[in-house]
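Data first, discussion second: the structure below is written as structure tokens.
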Amino acid sequence: MDIKAVKNNAHSIYKLFDKDPRLTNGNLQIIACAGAGKTEFISARVAYLIAKRLAKPENIVAFTFTERAAKELKFRIRGKIKELVGHQPDIGDIYVGTIHSFCFELLKEFVPGYRGYDVLDEGKRYAFISSIRNEIGLYSLLNWLQENSRKPYGLTKESWVINTFIRNVDIVREEMLDPEEVCACDEFPDSMAAYDKILKERRFLDFSSMMSHAVHHLTTNQETLDEVRKRFTHTTVDEYQDINPIQERLINLLAGKDGNLCVVGDDDQSIYQWRGTTIKNILTFQKRYKNVYTHRLPINYRSTDGIITLGNKLIIRNTKRLKKSMDS
């Protein structure tokens, strides 16, 4: 069936699934251009898996970039299951959400010691670090910054050093680096070690430490990894072009060598490389996973022909990209 001839709606997508089992079984890479209706496709695919009993709700993980996107995706999945089976089943056990929230739930369920931990969101984290700034030696780091960097306009010295510290801690964890690789000063590795120690003592997790701890336990404990893989047999990752190294490591651990992993994205829409994401994940997916089937959603239903033509002229300039074009 020619994808260009298929109207982008759930019933047409179900026909594709009926015709080609590679779209619902095994490793799948969906390349979706802007405006191609990828949320429609993802939600239809997850609903199809459940309705056709290819997977139970508790076996499915769907990662989204934001909690808002997660709410929309879960709402659509419910609606599409109702379309397929004629009634609204209970899908409460399906996980649809961000990767760091999944890591927190995973730690609480599979590593009992984390059940009493609390989460520091961005605001609470800043206040917490400010309260322990003497204990982790931030003034020494401030002295180094004053000697080697120019303070951004409008920031106090305290805001400057705390924001710099937070940014470097997240880089270390999310890119899985040695602290000494991130900051050319002796003070930062010591401050980070002290921060991690106090987090553990006071039973706190911040967003990047959730992922770091989850990956550590899955990497070092085969029994936990086996339990997690037995539970979560079907993984879907939205916005795959914006996945960072530690997130990719978690995805790889969940999927294993012969899992059912579906990644959805477009390398031409990668916009978070400044935050540690790497486009290499989506470009090399077929080489790193076994028996990958690639499905393209090349039709932009949202934009006018003029915008699509201009967009193609722009994205063709990207030197490292998957070969494709955006159609109308």
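The values are calculated or read from the model by the stated rules, or taken from the named source; none is laboratory data. From a predicted model like this one, the values you see are computed outputs, not experimental measurements. Positions of Cβ are generated from backbone atoms using ideal geometry, with glycine treated the same way; all protein chains shown enter the neighbour counts. Surface areas here come from the heavy atoms of the whole protein model, side chains and all, with no ligands, DNA or RNA. Shrake-Rupley method; radii C 1.70, N 1.55, O 1.52, S 1.80 Å.
In the list SER159, SER101, SER131, which residue meets the criterion of being of a type in the set (S, T, N, Q) and closer than 30 Å to LYS56 by Cβ?
Numbers: SER159 fails: closer than 30 Å to LYS56 by Cβ; SER131 fails: closer than 30 Å to LYS56 by Cβ.
Of the residues listed, the single one that is of a type in the set (S, T, N, Q) and closer than 30 Å to LYS56 by Cβ is SER101.
Output the helices (runs of 4 or more DSSP H) that fall wholly within segment 277-325 and possess 3 or more residues being open to solvent by less than 40 Å² (accessible area, probe 1.4 Å) and modelled with pLDDT under 70, or say none.
Numbers: elements: 280-283, 285-288, 305-315.
The helices (runs of 4 or more DSSP H) meeting that bar are 305-315.
Selection within segment 103-138: residues that are touching a helix residue (DSSP H, G or I) at 6+ places or on another chain (Cβ under 8 Å) and among the aromatic types (Phe, Trp, Tyr). The member of this set that is surrounded by the most Cβ atoms within 10 Å (Cβ to Cβ) is PHE104.
Checked against (1) surrounded by fewer than 17 Cβ atoms within 10 Å (Cβ to Cβ); (2) within 27 Å of ASP226 (Cβ to Cβ), GLN88 passes all but a single condition, namely (2). Residues in segment 226-252 that are more than 13 Å from the chain's Cα centre (by Cα) and open to solvent by 10 Å² or more (accessible area, probe 1.4 Å): ASP226, GLU227, ARG229, LYS230, ARG231, PHE232, THR233, HIS234.
Annotation note: Cβ proximity below 6 Å between a residue of segment 30-42 that is touching a residue at least 60 places away in the same chain (Cβ under 8 Å) and a residue that is among the small types (Gly, Ala, Ser) (sequence gap 6+ or interchain) occurs for GLY35/SER303; LYS38/ALA32.
Residues that are crowded, with 19+ Cβ neighbours inside 10 Å and either closer than 25 Å to ASN300 by Cβ or in contact with a helix residue (DSSP H, G or I) (Cβ under 6 Å, 6 or more places away or on another chain) (or both) within segment 18-36 comprise LEU23, THR24, LEU28, GLN29, ILE30, ILE31, ALA32, CYS33, ALA36, listed in sequence order. When VAL46, VAL61 are checked against the criterion of being outside any helix (DSSP H, G or I) and open to solvent by less than 20 Å² (accessible area, probe 1.4 Å), a single residue qualifies: VAL61.
The set of residues in segment 166-179 that are more than 20 Å from TYR139 (Cβ to Cβ) and either open to solvent by 70 Å² or more (accessible area, probe 1.4 Å) or outside any helix (DSSP H, G or I) (or both) comprises GLU175, MET176, LEU177, ASP178.
With the requirement that a residue be closer than 30 Å to LYS52 by Cβ, not acidic (Asp, Glu) and not in a loop (DSSP other than H, G, I, E, B), what does segment 85-123 give you?
Here is the first cut: in segment 85-123, the residues closer than 30 Å to LYS52 by Cβ are 85-99, 101-103, 105-106, 109-110.
Subsequent filtering for residues that are not acidic (Asp, Glu) retains 85-89, 91-92, 94-99, 101-103, 106, 110.
Residues satisfying the conditions are VAL85, TYR95, VAL96, GLY97, ILE99, SER101, PHE102, CYS103, LEU106, PHE110.
Of all residues in segment 223-260, those that are over 23 Å from GLU67 (Cα atoms) and assigned to a helix (DSSP H, G or I) total 7.
Summed over segment 104-150, residues that are hydrophobic (A, V, I, L, M, F, W, C) and farther than 28 Å from GLN247 by Cα total 6.
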